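K.L.:
This is the structure I have questions about; it appears just below.
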């Protein structure tokens, strides 16, 4: 009940309206961290002690430690789809997911806590399908920084404790619902400093970047998505979105997949093969 209470309170604090602004971390009462589950406060404190004082030197999508490609020499591609949960990003691209299910195409779904809040039943359905691997897209879809760096106008986490909360709160929620802890994490905006990447590793997850930009934040037309995917090379990790049904992502994916199959590519989940 304690964990449920945390999410109810968090949802109320974030607000359900489309115009609600993200809540600053300083506004989240510290006692809520205790509600995240047994041992959470001590875990958080130990990581703050371990990483506090480190000054990051990198801020990018390819910071040291970010995994951007699949290892091995076969013609594998990992399709990864983000579900961000921002005020305008809480939707669900049903035609896209229906296509993946119908064609039996495995994929890794990076889901934020905000998107789970907006789509609890859908999340459970997707998590129950072995075709999909559920990965961690953050508690509140924030860039992963220990100094409050911004990416695309979104303010990142500001301290080591913030980074821990962003990763671990959503990881525990996913595990509570699915029975399986996510193996991969991708921050909101996919930006990191190297200290945050090390914190992710300390929490037992790997940071999944990308080598193929599939839909540019769900802004590409169907033709652009198709063209991007047809540039795929063996070992690519493709970044797309499943939370914008109004976008060209679904149509572009549907157009590209048959051609990629003709070229001998196979589709894998991130946990199916080593990443580098």
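Per-residue answers, yes or no, for (1) farther than 24 Å from residue 216 by Cβ; (2) surrounded by fewer than 23 Cβ atoms within 10 Å (Cβ to Cβ):
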residue	(1), (2)
147	yes, yes
154	no, yes
161	yes, yes
165	yes, no
179	yes, yes
183	yes, yes
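K.L.:
Given the criterion crowded, with 18+ Cβ neighbours inside 10 Å and touching a residue at least 60 places away in the same chain (Cβ under 8 Å), identify the matching residue among 118, 107.
P.N.:
Within the list 118, 107, the selection yields 107.
K.L.:
Taking the residues in region 131-145 that are in contact with a strand residue (DSSP E or B) (Cβ under 9 Å, 6 or more places away or on another chain) and either over 9 Å from residue 188 (Cβ atoms) or at pLDDT below 95 (or both) as candidates, determine which candidate is surrounded by the fewest Cβ atoms within 10 Å (Cβ to Cβ).
P.N.:
131
K.L.:
Would you confirm, using the coordinates I've provided, whether residue 73 is at pLDDT below 95 and within 26 Å of residue 275 (Cα to Cα)?
P.N.:
yes
K.L.:
Further, regarding this structure: Residues to consider are 206, 263; find the one that is farther than 25 Å from residue 130 by Cβ and modelled with pLDDT of 95 or more.
P.N.:
Unique residue meeting the criteria: 263.
The rows are residues; the columns are (1) modelled with pLDDT under 95; (2) assigned to a loop (DSSP other than H, G, I, E, B); (3) under 22 Å from residue 267 (Cβ atoms).
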{"site": "88", "(1), (2), (3)": "yes, yes, no"}
{"site": "91", "(1), (2), (3)": "no, yes, no"}
{"site": "100", "(1), (2), (3)": "no, no, yes"}
{"site": "105", "(1), (2), (3)": "no, yes, yes"}
{"site": "108", "(1), (2), (3)": "no, no, yes"}
{"site": "121", "(1), (2), (3)": "no, no, no"}
{"site": "126", "(1), (2), (3)": "no, no, yes"}
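K.L.:
Looking at (1) under 15 Å from residue 159 (Cβ atoms); (2) at pLDDT 95 or above; (3) out of contact with any helix residue (DSSP H, G or I) (no Cβ under 6 Å at 6 or more places or on another chain); (4) not in a loop (DSSP other than H, G, I, E, B), which is the only condition residue 26 fails?
P.N.:
Among (1) under 15 Å from residue 159 (Cβ atoms); (2) at pLDDT 95 or above; (3) out of contact with any helix residue (DSSP H, G or I) (no Cβ under 6 Å at 6 or more places or on another chain); (4) not in a loop (DSSP other than H, G, I, E, B), residue 26 violates only (2).
K.L.:
Inside region 166-188, can you point out the residues that are over 17 Å from residue 123 (Cβ atoms), in a loop (DSSP other than H, G, I, E, B) and in contact (Cβ under 8 Å) with a residue 60 or more places away in the chain?
P.N.:
Result: 183, single match.
K.L.:
If I filter region 189-198 for residues that are without any contact (Cβ under 8 Å) to a residue 40 or more places away in the chain, surrounded by fewer than 24 Cβ atoms within 10 Å (Cβ to Cβ) and over 15 Å from the mean Cα position of the chain (by Cα), do I get at least one hit?
P.N.:
No: zero hits.
K.L.:
Which of the numbered conditions does residue 95 fail, given that it passes all the others? Conditions: (1) over 18 Å from residue 245 (Cα atoms); (2) surrounded by fewer than 20 Cβ atoms within 10 Å (Cβ to Cβ).
P.N.:
Residue 95 satisfies all of (1) over 18 Å from residue 245 (Cα atoms); (2) surrounded by fewer than 20 Cβ atoms within 10 Å (Cβ to Cβ) except (1).
K.L.:
Being free of Cβ contacts under 8 Å to residues at least 40 places away in the same chain and surrounded by 24 or more Cβ atoms within 10 Å (Cβ to Cβ) is the filter here, so list the residues in region 221-251 that pass it.
P.N.:
225, 229
K.L.:
Could you tell me which of the residues 83, 63, 78 is touching a helix residue (DSSP H, G or I) at 6+ places or on another chain (Cβ under 7 Å), closer than 28 Å to residue 264 by Cβ and at pLDDT 95 or above?
P.N.:
The unique qualifying residue is 78.
The values are calculated or read from the model by the stated rules, or taken from the named source; none is laboratory data. Keep in mind that this is a model prediction, so the values were computed, not measured. Note that we place each Cβ from the backbone using ideal geometry, even for glycine, and neighbour counts take in every protein chain shown.
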